[in-house]
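> This is the structure I have questions about; it appears just below.
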Amino acid sequence: MKKNELATRTKELIKKVEEKFPAGVEIEFKDPKKAGYLRHDQAQHYLHGGKLKIDVYDQTEPDYTIAHELLHFLLMFENTPQVAFNLTTGDSNRDHKFMVAGIDLYDTVLHTKVYAKQRKLGFIDDRIEELYLKGVLAILKPEPKGKRDEWMVLRTVTLLDALVFYADDLDYVLPKFKENYPLSLAAAQKLYALMTEKPLKTAFELRRGVVRLWKSFDKQLGDWNLLAMQLNDFITLTPVLSERQLRLETSALFEFYHTPWQENLTFKTAYVGRFKVDGQNTFILPDLGKEPAEGFKKLYAMPVKQLLEELGVEYLLR
(Lines give C-alpha, C1' and ligand atoms only; values in the text may rest on other atoms or scores of the structure.)
Protein backbone atom coordinates (compact mmCIF):
# COMPACT_ATOMS: atom_id res chain seq x y z
CA MET A 1 0.00 0.00 0.00
CA LYS A 2 1.08 3.59 -0.62
CA LYS A 3 0.38 6.81 1.24
CA ASN A 4 -1.78 8.15 -1.61
CA GLU A 5 -4.05 5.09 -1.34
CA LEU A 6 -5.19 6.00 2.15
CA ALA A 7 -8.76 7.17 2.78
CA THR A 8 -9.58 10.85 2.40
CA ARG A 9 -10.17 11.26 6.14
CA THR A 10 -6.70 9.86 6.84
CA LYS A 11 -5.09 12.28 4.35
CA GLU A 12 -6.99 15.14 5.98
CA LEU A 13 -5.68 14.08 9.40
CA ILE A 14 -2.14 13.97 8.02
CA LYS A 15 -2.59 17.55 6.78
CA LYS A 16 -3.81 18.59 10.21
CA VAL A 17 -0.69 17.10 11.78
CA GLU A 18 1.55 18.83 9.24
CA GLU A 19 -0.09 22.18 10.05
CA LYS A 20 1.20 21.78 13.60
CA PHE A 21 4.36 19.95 12.58
CA PRO A 22 5.58 21.44 9.25
CA ALA A 23 8.55 19.06 9.06
CA GLY A 24 6.09 16.54 7.66
CA VAL A 25 4.85 12.98 8.07
CA GLU A 26 6.52 9.98 6.50
CA ILE A 27 4.68 6.64 6.41
CA GLU A 28 6.44 3.39 5.64
CA PHE A 29 4.56 0.14 5.15
CA LYS A 30 6.99 -2.43 6.50
CA ASP A 31 5.00 -5.56 5.76
CA PRO A 32 2.06 -6.37 3.47
CA LYS A 33 0.66 -8.97 5.89
CA LYS A 34 -2.87 -8.76 7.24
CA ALA A 35 -3.38 -10.47 10.59
CA GLY A 36 -7.15 -10.13 10.35
CA TYR A 37 -7.41 -8.34 13.70
CA LEU A 38 -6.28 -5.06 15.26
CA ARG A 39 -3.58 -4.51 17.87
CA HIS A 40 -1.72 -1.35 18.77
CA ASP A 41 1.65 -2.96 18.18
CA GLN A 42 0.87 -3.03 14.43
CA ALA A 43 2.46 0.42 14.02
CA GLN A 44 4.69 2.87 15.85
CA HIS A 45 5.50 6.56 15.49
CA TYR A 46 8.73 8.39 16.29
CA LEU A 47 10.80 11.33 15.09
CA HIS A 48 13.42 10.55 12.47
CA GLY A 49 15.42 13.02 10.43
CA GLY A 50 13.25 15.82 11.77
CA LYS A 51 10.06 14.21 10.44
CA LEU A 52 7.30 12.25 12.10
CA LYS A 53 7.86 8.67 10.99
CA ILE A 54 5.12 6.04 11.15
CA ASP A 55 6.10 2.43 10.55
CA VAL A 56 3.16 0.17 9.71
CA TYR A 57 3.70 -3.55 10.36
CA ASP A 58 0.22 -4.84 9.49
CA GLN A 59 -2.25 -3.68 6.85
CA THR A 60 -5.49 -5.16 8.18
CA GLU A 61 -6.92 -1.63 8.59
CA PRO A 62 -4.16 0.88 7.80
CA ASP A 63 -6.42 3.93 8.00
CA TYR A 64 -7.44 3.10 11.58
CA THR A 65 -3.89 2.17 12.54
CA ILE A 66 -2.27 5.29 11.07
CA ALA A 67 -4.96 7.59 12.48
CA HIS A 68 -4.36 6.12 15.92
CA GLU A 69 -0.65 6.98 15.74
CA LEU A 70 -1.34 10.47 14.38
CA LEU A 71 -3.82 11.26 17.16
CA HIS A 72 -1.35 10.10 19.81
CA PHE A 73 1.21 12.45 18.28
CA LEU A 74 -1.25 15.36 18.24
CA LEU A 75 -1.78 14.96 21.98
CA MET A 76 1.75 16.29 22.43
CA PHE A 77 0.47 19.65 21.20
CA GLU A 78 -2.39 19.62 23.72
CA ASN A 79 -0.34 19.91 26.91
CA THR A 80 -0.35 16.20 27.63
CA PRO A 81 1.95 14.97 30.41
CA GLN A 82 4.76 12.79 29.06
CA VAL A 83 6.57 9.84 30.58
CA ALA A 84 10.32 9.30 30.80
CA PHE A 85 12.42 6.35 31.93
CA ASN A 86 15.43 7.58 33.88
CA LEU A 87 16.04 4.66 36.23
CA THR A 88 17.23 1.09 36.02
CA THR A 89 16.65 -1.74 38.49
CA GLY A 90 19.87 -3.33 37.30
CA ASP A 91 17.93 -6.07 35.55
CA SER A 92 17.14 -5.25 31.90
CA ASN A 93 14.31 -7.82 31.74
CA ARG A 94 12.68 -6.36 34.82
CA ASP A 95 13.14 -2.83 33.45
CA HIS A 96 11.44 -3.89 30.23
CA LYS A 97 8.45 -5.38 32.06
CA PHE A 98 8.02 -2.22 34.12
CA MET A 99 8.31 -0.01 31.05
CA VAL A 100 5.80 -2.02 29.01
CA ALA A 101 3.24 -2.15 31.82
CA GLY A 102 3.69 1.54 32.63
CA ILE A 103 3.38 2.67 29.01
CA ASP A 104 0.36 0.43 28.36
CA LEU A 105 -1.46 1.87 31.37
CA TYR A 106 -0.43 5.44 30.47
CA ASP A 107 -1.66 4.91 26.91
CA THR A 108 -4.96 3.57 28.19
CA VAL A 109 -5.58 6.86 29.98
CA LEU A 110 -4.75 8.76 26.78
CA HIS A 111 -7.02 6.41 24.82
CA THR A 112 -10.00 8.00 26.57
CA LYS A 113 -9.24 10.90 24.22
CA VAL A 114 -7.80 9.04 21.23
CA TYR A 115 -10.65 6.55 20.80
CA ALA A 116 -13.27 9.28 21.21
CA LYS A 117 -11.57 11.32 18.48
CA GLN A 118 -11.27 8.30 16.19
CA ARG A 119 -15.00 7.66 16.54
CA LYS A 120 -15.82 11.30 15.86
CA LEU A 121 -13.68 11.28 12.70
CA GLY A 122 -15.20 8.03 11.43
CA PHE A 123 -12.24 5.71 12.00
CA ILE A 124 -14.18 3.37 14.30
CA ASP A 125 -17.28 1.55 13.07
CA ASP A 126 -18.84 -1.89 13.58
CA ARG A 127 -16.14 -3.57 11.48
CA ILE A 128 -13.32 -1.96 13.47
CA GLU A 129 -15.01 -2.96 16.73
CA GLU A 130 -15.15 -6.55 15.50
CA LEU A 131 -11.46 -6.51 14.50
CA TYR A 132 -10.46 -5.01 17.85
CA LEU A 133 -12.32 -7.80 19.65
CA LYS A 134 -10.60 -10.38 17.46
CA GLY A 135 -7.28 -8.82 18.49
CA VAL A 136 -8.09 -9.22 22.18
CA LEU A 137 -9.16 -12.84 21.72
CA ALA A 138 -6.09 -13.59 19.58
CA ILE A 139 -3.58 -12.45 22.18
CA LEU A 140 -5.29 -13.60 25.39
CA LYS A 141 -5.66 -17.24 26.26
CA PRO A 142 -8.71 -18.06 28.41
CA GLU A 143 -8.04 -18.18 32.15
CA PRO A 144 -7.69 -21.55 33.82
CA LYS A 145 -10.96 -21.98 35.73
CA GLY A 146 -10.84 -20.32 39.11
CA LYS A 147 -7.06 -19.95 39.03
CA ARG A 148 -4.51 -17.25 38.41
CA ASP A 149 -1.55 -17.77 36.11
CA GLU A 150 1.39 -15.82 34.66
CA TRP A 151 -0.86 -14.13 32.08
CA MET A 152 -2.98 -12.19 34.58
CA VAL A 153 -1.10 -8.91 34.12
CA LEU A 154 -1.34 -8.99 30.32
CA ARG A 155 -5.01 -9.95 30.47
CA THR A 156 -5.88 -7.20 32.92
CA VAL A 157 -4.02 -4.45 31.06
CA THR A 158 -5.49 -5.57 27.71
CA LEU A 159 -9.05 -5.80 29.06
CA LEU A 160 -8.74 -2.41 30.74
CA ASP A 161 -7.94 -0.85 27.37
CA ALA A 162 -10.87 -2.74 25.83
CA LEU A 163 -13.20 -1.24 28.44
CA VAL A 164 -12.08 2.21 27.27
CA PHE A 165 -12.51 1.25 23.61
CA TYR A 166 -16.03 -0.17 24.10
CA ALA A 167 -17.05 2.32 26.80
CA ASP A 168 -20.42 3.07 25.14
CA ASP A 169 -21.06 -0.46 23.88
CA LEU A 170 -19.89 -2.83 26.62
CA ASP A 171 -22.81 -5.21 26.09
CA TYR A 172 -21.08 -6.20 22.86
CA VAL A 173 -18.01 -7.63 24.60
CA LEU A 174 -18.70 -8.25 28.30
CA PRO A 175 -20.34 -11.68 27.87
CA LYS A 176 -17.31 -13.01 25.98
CA PHE A 177 -14.86 -11.41 28.42
CA LYS A 178 -16.73 -12.82 31.42
CA GLU A 179 -16.71 -16.26 29.84
CA ASN A 180 -12.99 -16.29 29.02
CA TYR A 181 -11.40 -14.02 31.63
CA PRO A 182 -13.61 -13.64 34.74
CA LEU A 183 -10.83 -12.84 37.24
CA SER A 184 -8.92 -10.49 34.96
CA LEU A 185 -12.10 -8.74 33.87
CA ALA A 186 -13.09 -8.09 37.48
CA ALA A 187 -9.68 -6.52 38.11
CA ALA A 188 -9.88 -4.47 34.89
CA GLN A 189 -13.35 -3.21 35.78
CA LYS A 190 -12.13 -2.13 39.22
CA LEU A 191 -9.19 -0.27 37.67
CA TYR A 192 -11.47 1.30 35.06
CA ALA A 193 -13.83 2.60 37.75
CA LEU A 194 -10.93 4.15 39.66
CA MET A 195 -9.40 5.62 36.51
CA THR A 196 -12.64 7.26 35.35
CA GLU A 197 -13.90 8.31 38.78
CA LYS A 198 -12.89 11.87 37.93
CA PRO A 199 -12.73 13.68 34.54
CA LEU A 200 -9.82 13.03 32.16
CA LYS A 201 -9.85 16.17 30.04
CA THR A 202 -7.17 18.64 31.13
CA ALA A 203 -3.44 18.06 31.56
CA PHE A 204 -3.89 18.09 35.34
CA GLU A 205 -6.72 15.55 35.15
CA LEU A 206 -4.83 13.25 32.77
CA ARG A 207 -1.78 13.28 35.02
CA ARG A 208 -3.91 12.56 38.07
CA GLY A 209 -5.56 9.69 36.20
CA VAL A 210 -2.21 8.15 35.25
CA VAL A 211 -0.86 8.43 38.81
CA ARG A 212 -4.02 6.87 40.26
CA LEU A 213 -3.97 4.06 37.72
CA TRP A 214 -0.33 3.15 38.37
CA LYS A 215 -1.01 3.08 42.13
CA SER A 216 -4.18 1.02 41.73
CA PHE A 217 -2.39 -1.41 39.43
CA ASP A 218 0.30 -1.99 42.06
CA LYS A 219 -2.41 -2.62 44.65
CA GLN A 220 -3.99 -5.19 42.33
CA LEU A 221 -0.65 -6.96 41.95
CA GLY A 222 -0.40 -7.07 45.74
CA ASP A 223 -3.90 -8.55 45.99
CA TRP A 224 -2.68 -11.34 43.69
CA ASN A 225 0.49 -11.81 45.77
CA LEU A 226 2.58 -10.66 42.82
CA LEU A 227 5.64 -8.40 43.03
CA ALA A 228 4.71 -4.72 42.89
CA MET A 229 6.20 -2.76 39.98
CA GLN A 230 6.35 0.57 41.86
CA LEU A 231 5.53 2.41 38.66
CA ASN A 232 5.01 5.71 40.50
CA ASP A 233 8.65 5.50 41.63
CA PHE A 234 10.12 3.96 38.49
CA ILE A 235 8.59 6.25 35.83
CA THR A 236 9.06 10.00 35.63
CA LEU A 237 5.88 11.93 34.75
CA THR A 238 5.60 15.59 33.67
CA PRO A 239 4.40 17.82 36.52
CA VAL A 240 1.33 20.03 36.04
CA LEU A 241 1.60 23.05 38.31
CA SER A 242 -0.08 26.39 38.93
CA GLU A 243 1.72 29.73 38.79
CA ARG A 244 1.39 29.92 42.57
CA GLN A 245 3.02 26.52 43.03
CA LEU A 246 5.92 27.54 40.79
CA ARG A 247 6.67 30.43 43.15
CA LEU A 248 6.78 28.23 46.25
CA GLU A 249 9.98 26.89 47.75
CA THR A 250 10.81 23.43 46.46
CA SER A 251 10.50 21.98 49.97
CA ALA A 252 6.79 22.85 49.96
CA LEU A 253 6.02 20.63 46.97
CA PHE A 254 8.77 18.06 46.59
CA GLU A 255 10.80 15.65 48.66
CA PHE A 256 14.08 14.10 47.55
CA TYR A 257 14.52 10.45 48.25
CA HIS A 258 17.23 7.92 47.65
CA THR A 259 16.09 5.00 45.52
CA PRO A 260 17.77 1.59 45.47
CA TRP A 261 17.80 1.91 41.69
CA GLN A 262 20.38 3.77 39.59
CA GLU A 263 20.16 6.57 37.06
CA ASN A 264 20.20 4.73 33.74
CA LEU A 265 22.74 6.88 31.87
CA THR A 266 25.53 7.19 34.41
CA PHE A 267 24.58 4.16 36.54
CA LYS A 268 25.20 6.24 39.63
CA THR A 269 23.12 6.54 42.79
CA ALA A 270 19.72 8.00 41.97
CA TYR A 271 17.84 10.65 43.93
CA VAL A 272 14.27 11.24 42.86
CA GLY A 273 12.22 14.40 43.23
CA ARG A 274 8.87 13.10 44.41
CA PHE A 275 5.73 15.26 44.39
CA LYS A 276 4.50 15.35 47.98
CA VAL A 277 0.80 15.39 47.11
CA ASP A 278 0.77 12.02 45.35
CA GLY A 279 4.28 10.55 45.67
CA GLN A 280 4.91 10.61 41.91
CA ASN A 281 8.45 10.59 40.48
CA THR A 282 8.71 14.03 38.86
CA PHE A 283 12.44 14.41 38.15
CA ILE A 284 15.81 12.83 38.81
CA LEU A 285 18.51 14.82 40.56
CA PRO A 286 22.09 14.94 39.27
CA ASP A 287 24.83 13.32 41.32
CA LEU A 288 25.38 15.53 44.37
CA GLY A 289 28.74 14.07 45.32
CA LYS A 290 29.88 12.50 48.57
CA GLU A 291 28.05 14.98 50.81
CA PRO A 292 24.63 15.55 49.26
CA ALA A 293 23.06 17.10 52.39
CA GLU A 294 24.29 20.63 51.59
CA GLY A 295 23.15 20.24 48.00
CA PHE A 296 19.70 19.16 49.13
CA LYS A 297 19.46 22.14 51.45
CA LYS A 298 20.23 24.53 48.63
CA LEU A 299 17.78 22.86 46.21
CA TYR A 300 14.97 22.74 48.77
CA ALA A 301 15.28 26.50 49.28
CA MET A 302 14.94 27.29 45.55
CA PRO A 303 11.65 28.43 44.05
CA VAL A 304 10.09 25.48 42.22
CA LYS A 305 10.25 27.23 38.86
CA GLN A 306 13.98 27.96 39.24
CA LEU A 307 14.75 24.39 40.24
CA LEU A 308 12.84 22.85 37.35
CA GLU A 309 14.43 25.20 34.84
CA GLU A 310 17.95 24.59 36.18
CA LEU A 311 17.38 20.83 35.95
CA GLY A 312 15.87 21.17 32.47
CA VAL A 313 12.60 19.60 33.63
CA GLU A 314 9.62 20.40 31.42
CA TYR A 315 6.40 21.25 33.22
CA LEU A 316 2.83 22.12 32.27
CA LEU A 317 0.64 24.88 33.66
CA ARG A 318 -2.74 24.18 35.21
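> Run the simple label-point estimate for ASN4 and ASN79 please: 7 Å along Cα→C-beta, distance reported in nm.
Each label point is offset 7 Å from its Cα along the Cβ direction, giving 4.1 nm.
> How big is D, in µm² s⁻¹, for the chain by Stokes-Einstein at 4 °C and 1.567 mPa s if Rh is the Kirkwood radius over C-alpha pairs? Could the numbers behind the result be given before it?
Numbers: Rh = 21.3 Å.
Rounded, D is 61 µm²/s.
> Can you give the accessible area of TRP151, probe radius 1.4 Å, in Å² rounded to 10?
Surface accessible to solvent at TRP151 totals approximately 100 Å².
> Using Cα pairs closer than 8 Å and at least 6 residues apart in sequence, work out the relative contact order for the chain, in percent. Mind showing how you got there, number by number?
Values: 444 pairs, mean separation 51.1, N = 318.
Reported as a whole number, the value is 16 percent.
> Separation of the stretch 141-201 and the stretch 1-17 by C-alpha centroid, Å?
Cα centres, the stretch 141-201 to the stretch 1-17: 33 Å.
> What is the ratio of the Cα radius of gyration of the stretch 129-181 to 2.2 N^0.38 Å, with N the residue count, to two decimals?
Numbers: Rg = 10.8 Å, N = 53, 2.2 N^0.38 = 9.9 Å.
With N residues counted in the stretch 129-181, Rg over 2.2 N^0.38 Å equals 1.08.
> On C-alpha positions alone, give me the angle between the axis of helix 292-301 and the longest principal axis of the chain, in degrees, nearest 10.
For 292-301 against the chain, the angle is about 80 degrees.
> Give the accessible surface of the chain per residue, rounded to a whole number of Å², with probe radius 1.4 Å and ligands, DNA and RNA excluded. The partial results should precede the final answer.
Details: 16140 Å² over 318 residues.
So the chain comes to 51 Å² accessible per residue, rounded to a whole number.
> Using Cα springs under 10 Å in a Gaussian network model of the chain, which residue among ASN93, ASN264, ASN232 shows the largest mean-square fluctuation?
ASN93
> For ASP168 and LYS298, what is the calculated FRET efficiency with R₀ set at 45 Å and r taken between the beta-carbons, to the nearest 0.05?
Taking R0 as 45 Å, the efficiency between ASP168 and LYS298 is 0.30.
> If one takes the longest principal axis of the Cα atoms in the chain, at what angle in degrees, from 0 to 90 and to the nearest 10, does the Cα axis of helix 182-195 lie?
Result, in degrees: 60.
> Please pull out the direction-averaged projected area of the stretch 1-68, using the convex hull of its alpha-carbon atoms, in nm² to one decimal place. Intermediate values should be presented prior to the final figure.
Working: hull surface 17.1 nm².
Here the figure is 4.3 nm², rounded to one decimal.
> Right, another one. For the pair GLU310 and LEU227, what calculated FRET efficiency results from E = 1/(1 + (r/R0)^6), where r is the Cβ-Cβ distance and R0 = 35 Å, to the nearest 0.05?
Details: r = 36 Å, r/R0 = 1.03.
Calculated transfer efficiency: 0.45.
> With the full set of protein chains in place, find how many percent of the accessible area of the chain is carbon and sulfur; take the probe as 1.4 Å. Don't skip to the answer; put the middle values down first.
Working: 8210 of 16140 Å².
Reported share for carbon and sulfur atoms: 51 percent.
> Please label the shape of the stretch 1-128 as rounded, prolate or oblate, based on the square roots a ≥ b ≥ c of the eigenvalues of the alpha-carbon gyration tensor (a/c under 1.5 means rounded; beyond that, a/b larger than b/c means prolate, else oblate).
Values: a/c = 1.58, a/b = 1.43, b/c = 1.11.
Note, shape of the stretch 1-128 comes out prolate.
> Okay, next question. Of all DSSP beta bridges in the chain, what percent run antiparallel (nearest 5)? Mind showing how you got there, number by number?
On the way: 22 of 29 bridges.
Percentage antiparallel, nearest 5: 75.
> Here is a follow-up. Using a 1.4 Å probe, how large is the accessible area of GLU197, given in Å² and rounded to the nearest 10?
120 Å²
> With a bin width of 10 angstrom, please list the P(r) values of the stretch 161-318 as percents of all Cα-Cα pairs, from the 0 bin to the one holding the largest distance.
9, 32, 29, 18, 9, 3, 0
> Could you tell me how many degrees, from 0 to 90 and to the nearest 10, lie between the Cα long axis of helix 152-165 and the main elongation axis, the longest principal axis, of the Cα atoms of the chain?
That works out to roughly 70 degrees.
> Please report, in cubic angstrom per residue, the volume enclosed by the convex hull of the alpha-carbon atoms of the stretch 41-104. Don't jump to the answer; show the numbers that get you there.
Details: hull volume 8.2 nm³, N = 64.
So the per-residue Cα hull volume is 128 Å³.
The values are calculated or read from the model by the stated rules, or taken from the named source; none is laboratory data. Nothing here was measured: the structure is a model prediction, and the numbers come from that model. No Cβ is skipped: glycine too gets one built from the backbone with ideal geometry, and neighbour counts run over all protein chains shown. Side chains included, ligands, DNA and RNA excluded: accessible areas come from the protein's heavy atoms. Shrake-Rupley method; radii C 1.70, N 1.55, O 1.52, S 1.80 Å.
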